[in-house]
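Take a look at the structure set out below.
The values are calculated or read from the model by the stated rules, or taken from the named source; none is laboratory data. These numbers were taken from a predicted model, which means no experiment stands behind them. Cβ sites come from the backbone with ideal geometry, for glycine too, and all protein chains shown count toward neighbours. With ligands, DNA and RNA removed, areas are computed over all heavy atoms of the protein, side chains included. Shrake-Rupley method; radii C 1.70, N 1.55, O 1.52, S 1.80 Å.
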Amino acid sequence: MRDGVWAAPGRVNLIGEHTDYNDGFVMPFALPHTTVLTAARRDDGVLRLHSADAGGGPVELRVGDLAPGRGPGGWTDYPAGVVWALREAGHAAGGADLHYESTIPTGAGLSSSAALEVVTALALNDLYELGLERQRMARLCRRAENVYVGAPTGIMDQTASACCTAGHALHLDTRDLSQRQIPFDPAALGLELLIVDTRVKHAHSDGEYGKRRAGCEAGAATLGVAALRDVPYEDLARALNRLDDPRVRALVRHVVTEDHRVERVIGLLRAGQARAMGPVLTEGHASLRDDFRVSCPELDLVVGTALAAGALGARMTGGGFGGSAIVLTDVPTTPTVTKSVLEAFASAGHAEPRIFTATPSRGATRLS
Ligand code: ADP
Ligand code: MG
């Protein structure tokens, strides 16, 4: 198929945090920020990769040589990993000239990595007429990130970038991967959803993630369920009584109440009551801070300051220990909230956060 230009968005998770490895529910939506790929097929088996956002010139790799652990490392592992995953699954992706340019902040928890993968898969799917469905591409992109890059991520990011639609959040069941598009158009309701990128990333996050994951698995084992998703919200009190370790109890309480918060948010959105989801978001933050213990002073400062300045709700989003928070506001309140957060960061001596409006946007697409 002819050469062209493709785009894939970053994403933010509205609600459903640390539920993905418990077979639970997540609800991301796509950002207007995208990674744009200009791609041309080449038939000599060479992959020529260049990014306007990474230092250095183009990198050339032979598709036949791609294998996990054999790449040069660095950013090219993401797109090279996608080509490897496609080929390993028996899809005849070959060489290409690939040039990337992105408006997604990297490392801010907004999934620039998934956008890079998904835009690559989409372009190769078209250039080599592979006929793959989006969910299939998302799974192969996840495999690229897990196996080729070596980052143990769930399926949410790639699915969001590939499958989201404008004006909707994506309700994803991480057990059976079924999905529902839930209408969410804040602007139409006089609301604004802000993203505050704290620009911090605390170094111990990987080890802490592993501990939370192990604690959740221990909780599920004690309760005799395959995953914490199988503990009904109605049975939570009884389940907690069966857990001796207070740390495991707190982890279980977060996961079960968080799955329930996803259901509550869907109910509110379907009823046209998006405004009322503010307190649910804030509850989610308290649960992540106090029970799951993955927040940090900068994220707590965003949430506390935004609420004091009149925001409807706020919470950290993503894995935690840094990254971004989301804040739901009535449009007229936005300038006050923004100003208060900037001032609070300045007086605490933190770097200036990046604040922008997140409009639920379309998923990956061919532009020309
Ligand atoms: P996030 O996905 O939250 O932005 P990650 O650490 O998962 O954070 O992924 C960021 C990495 O993805 C960057 O360090 C870089 O290697 C790669 N990356 C993402 N977007 C681009 C881009 N446009 N050009 C080059 N590399 C990119
Ligand atoms: Mg990522």
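When you look at Arg293, is it over 22 Å from the mean Cα position of the chain (by Cα), within 26 Å of Asp197 (Cα to Cα) and in contact (Cβ under 8 Å) with a residue 40 or more places away in the chain, yes or no? Considered against the rule, which asks whether it is over 22 Å from the mean Cα position of the chain (by Cα), within 26 Å of Asp197 (Cα to Cα) and in contact (Cβ under 8 Å) with a residue 40 or more places away in the chain, Arg293 comes out as no. When restricted to residues that are part of a loop (DSSP other than H, G, I, E, B), open to solvent by 30 Å² or more (accessible area, probe 1.4 Å) and within 16 Å of ligand 1 (Cβ to nearest atom), region 111-161 contains 3. Regarding Ala166, is this residue within 16 Å of ligand 2 (Cβ to nearest atom), touching a residue at least 12 places away in the same chain (Cβ under 8 Å), outside any helix (DSSP H, G or I) and open to solvent by 10 Å² or more (accessible area, probe 1.4 Å)? No: the conditions fail for Ala166. Only one of the listed residues (Leu251, Leu240, Leu236) is surrounded by fewer than 17 Cβ atoms within 10 Å (Cβ to Cβ), out of contact with any His (no Cβ under 8 Å at 6 or more places or on another chain) and part of a helix (DSSP H, G or I). That residue is Leu236. Please work out which one of (1) within 11 Å of ligand 2 (Cβ to nearest atom); (2) among the hydrophobic types (A, V, I, L, M, F, W, C); (3) open to solvent by 40 Å² or more (accessible area, probe 1.4 Å) is the condition Ala187 fails and give its number. Checking Ala187 against (1) within 11 Å of ligand 2 (Cβ to nearest atom); (2) among the hydrophobic types (A, V, I, L, M, F, W, C); (3) open to solvent by 40 Å² or more (accessible area, probe 1.4 Å), the one that fails is (1). Looking at this structure, is Glu101 outside any loop (DSSP other than H, G, I, E, B), open to solvent by 60 Å² or more (accessible area, probe 1.4 Å) and either within 14 Å of ligand 1 (Cβ to nearest atom) or of a type in the set (Asp, Glu) (or both)? In short, yes. Identify the residue in region 162-201 that is over 22 Å from Ile355 (Cβ atoms) and of a type in the set (S, T, N, Q) and, among all such residues, is nearest to the chain's Cα centre (by Cα). Checked region 162-201; the qualifying residue nearest to the chain's Cα centre (by Cα) is Thr174. Among the residues making up region 63-77, those that are surrounded by 19 or more Cβ atoms within 10 Å (Cβ to Cβ) and under 12 Å from Glu145 (Cα atoms) are Trp75, Thr76, Asp77. The single condition among (1) more than 20 Å from Leu132 (Cα to Cα); (2) hydrophobic (A, V, I, L, M, F, W, C); (3) within 16 Å of ligand 2 (Cβ to nearest atom) that Leu116 does not meet is (1).
Output the residue which, of all residues in region 144-159 that are closer than 20 Å to Leu170 by Cβ and not aliphatic (A, V, I, L, M), is farthest from ligand 2 (Cβ to nearest atom). Filtering first and then ranking leaves Thr159.
Can you say whether Thr222 is among the hydroxyl-bearing types (Ser, Thr, Tyr) and within 24 Å of the chain's Cα centre (by Cα), as far as the supplied structure shows? Against the criterion (among the hydroxyl-bearing types (Ser, Thr, Tyr) and within 24 Å of the chain's Cα centre (by Cα)), Thr222 does not qualify.
The residue that is farthest from Thr19 (Cα to Cα), counting only those in region 213-228 that are open to solvent by less than 60 Å² (accessible area, probe 1.4 Å) and touching a residue at least 12 places away in the same chain (Cβ under 8 Å), is Leu223.
Within region 74-104, being free of Cβ contacts under 8 Å to residues at least 60 places away in the same chain and within 16 Å of ligand 2 (Cβ to nearest atom) holds for Gly74, Trp75, Thr76, Pro79. The criterion of being within 16 Å of ligand 1 (Cβ to nearest atom), touching a residue at least 40 places away in the same chain (Cβ under 8 Å) and of a type in the set (D, E, K, R) holds for Asp53. Of all the residues that make up region 85-138, how many are of a type in the set (D, E, K, R) and more than 20 Å from Thr38 (Cα to Cα)? Qualifying residue count for the region: 4.
Name the one entry in Leu37, Leu31, Leu14 that is open to solvent by less than 40 Å² (accessible area, probe 1.4 Å), closer than 30 Å to His285 by Cα and away from ligand 2 (no atom under 16 Å from the Cβ). Being open to solvent by less than 40 Å² (accessible area, probe 1.4 Å), closer than 30 Å to His285 by Cα and away from ligand 2 (no atom under 16 Å from the Cβ) holds for just one of Leu37, Leu31, Leu14, which is Leu14.
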